[in-house]
Amino acid sequence: MVLAKTLRQENNQQWVKLATAFYSLAHNDEKLWRELPACLCETDVGIICEEFLKTQDSKLIDKAGELLAGPQWFTALGRSL
């Protein structure tokens, strides 16, 4: 499993795709998430988001966001995407 943190350091373009799809998902838009390649859905963030889609547990979105961009993920992603 690839970690989002590692992805950001080694392949920033893929991290941006993951972050953009995650941010859309956090705003109740699944379209970009559904279009992600399997390799991104299999990251630590991807696995948590897939579980979110099954359970709709908002705590999972917070957990994935923190892994992706830190504790202030909402602000960080909102400013950078």
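Observations
- Test: residue 17 is among the basic types (Lys, Arg) and surrounded by 15 or more Cβ atoms within 10 Å (Cβ to Cβ): yes
- Among the residues of the range 52-68, those identified as under 12 Å from residue 4 (Cα atoms) and either of a type in the set (Ser, Thr, Tyr) or open to solvent by less than 30 Å² (accessible area, probe 1.4 Å) (or both) are 64, 65, 68.
- Some residue of the range 74-81 being open to solvent by 80 Å² or more (accessible area, probe 1.4 Å), in a loop (DSSP other than H, G, I, E, B) and modelled with pLDDT under 95: yes
- Test: residue 64 is touching a Phe, Trp or Tyr at 6+ places or on another chain (Cβ under 7 Å) and assigned to a helix (DSSP H, G or I): yes
- Condition met for residue 25 (in contact with a Cys (Cβ under 7 Å, 6 or more places away or on another chain) and not aromatic (Phe, Trp, Tyr)): yes
- Selection of first residues in the range 22-51 that are within 15 Å of residue 4 (Cβ to Cβ) and of second residues that are outside any loop (DSSP other than H, G, I, E, B) and open to solvent by 70 Å² or more (accessible area, probe 1.4 Å), restricted to Cβ pairs under 7 Å at least 6 apart or on distinct chains, gives the following pairs, ordered by first then second residue: 36/17; 40/17; 44/67; 45/67; 48/63.
- Among (1) buried (at least 17 other Cβ atoms within 10 Å of the Cβ); (2) outside any helix (DSSP H, G or I); (3) modelled with pLDDT under 95, the one test that residue 1 misses: (1)
- If only residues of the range 21-51 that are touching a helix residue (DSSP H, G or I) at 6+ places or on another chain (Cβ under 6 Å) and polar (S, T, N, Q) are counted, the one that is most open to solvent (accessible area, probe 1.4 Å) is 24.
- So residue 63, is it over 17 Å from residue 14 (Cα atoms), within 10 Å of the chain's Cα centre (by Cα) and not β-branched (Val, Ile, Thr): yes
The values are calculated or read from the model by the stated rules, or taken from the named source; none is laboratory data. Note that the structure is a prediction, hence the values are computed from the model and not measured. A quick note on method: Cβ atoms are made from the backbone with ideal geometry, for glycine too, and the neighbour counts reach across all protein chains shown. SASA here: full protein model, heavy atoms, side chains in, ligands and nucleic acids out. Shrake-Rupley method; radii C 1.70, N 1.55, O 1.52, S 1.80 Å.
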